[in-house]
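Working notes, structure below.
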Amino acid sequence: MSASSLVAEAVWKAIESAGSVTDDQLSILHFLFGKNLERATRIVDQRGVKMIVGEPSGRSIFQVVGESRRKEEYFCFAEHYCACYSFFYDIVNRGEQLCCKHQLAARLAASLGACIEDKVSDEQLALVLSKL
Ligand SMILES: [Zn+2]
């Protein structure tokens, strides 16, 4: 794991336990994620992050709207995966960023308790996952 992802992890943990973001944490996040942080914040402000929770397992996946057109929606795991183009191009292929704006939005919303929760059966969740 790179130093910057360790720093990011520590900041997320602190935000999660406080349920809010301090100015210092915001500057660190901005340093790490740059413009993507602004984009992610905009998505969170639009209430664009939904957490789909399978029951009874409690497993979950995020569904995040695109920033520009509300019709776009991407399934993602905050830490490991997003179905968007940028994830494959900027993160997997070029290794230039830690994560895409959707993952960032998911992490931010989850840390702040700002996502909409959608409870489904584990079977329905499995169906969503099988289409990724
Ligand atoms: Zn993405």
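Quick grid of which residues meet (1) acidic (Asp, Glu); (2) more than 16 Å from the ligand (Cβ to nearest atom); (3) within 30 Å of residue 120 (Cβ to Cβ); (4) surrounded by 18 or more Cβ atoms within 10 Å (Cβ to Cβ):
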site	(1), (2), (3), (4)
4	no, yes, no, no
7	no, yes, no, no
17	no, yes, yes, no
23	yes, yes, no, no
31	no, yes, no, no
55	yes, yes, yes, no
84	no, no, yes, yes
92	no, no, yes, no
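What do you reckon, is residue 110 within 10 Å of the ligand (Cβ to nearest atom) and either surrounded by 13 or more Cβ atoms within 10 Å (Cβ to Cβ) or at pLDDT 95 or above (or both)?
When the stated conditions are applied, residue 110 does not pass them.
When residue 64 is evaluated against the numbered criteria (1) modelled with pLDDT of 95 or more; (2) more than 16 Å from the ligand (Cβ to nearest atom); (3) not polar (S, T, N, Q), which criterion, by number, is the only one it fails?
Evaluating residue 64 over (1) modelled with pLDDT of 95 or more; (2) more than 16 Å from the ligand (Cβ to nearest atom); (3) not polar (S, T, N, Q) leaves (2) as the failure.
Could you please let me know if residue 115 is in contact with a helix residue (DSSP H, G or I) (Cβ under 6 Å, 6 or more places away or on another chain), modelled with pLDDT of 90 or more, more than 12 Å from the ligand (Cβ to nearest atom) and under 12 Å from residue 50 (Cα atoms)?
yes
In the stretch 67-82, which residue that is within 24 Å of residue 7 (Cβ to Cβ) and more than 10 Å from the ligand (Cβ to nearest atom) is surrounded by the fewest Cβ atoms within 10 Å (Cβ to Cβ)?
Top of the filtered list is 80.
The values are calculated or read from the model by the stated rules, or taken from the named source; none is laboratory data. Note that the structure is predicted; figures quoted are calculated from it, not measured. Because the Cβ atoms are built from the backbone with ideal geometry, glycine has one as well, and the counts that use them run over all protein chains shown.
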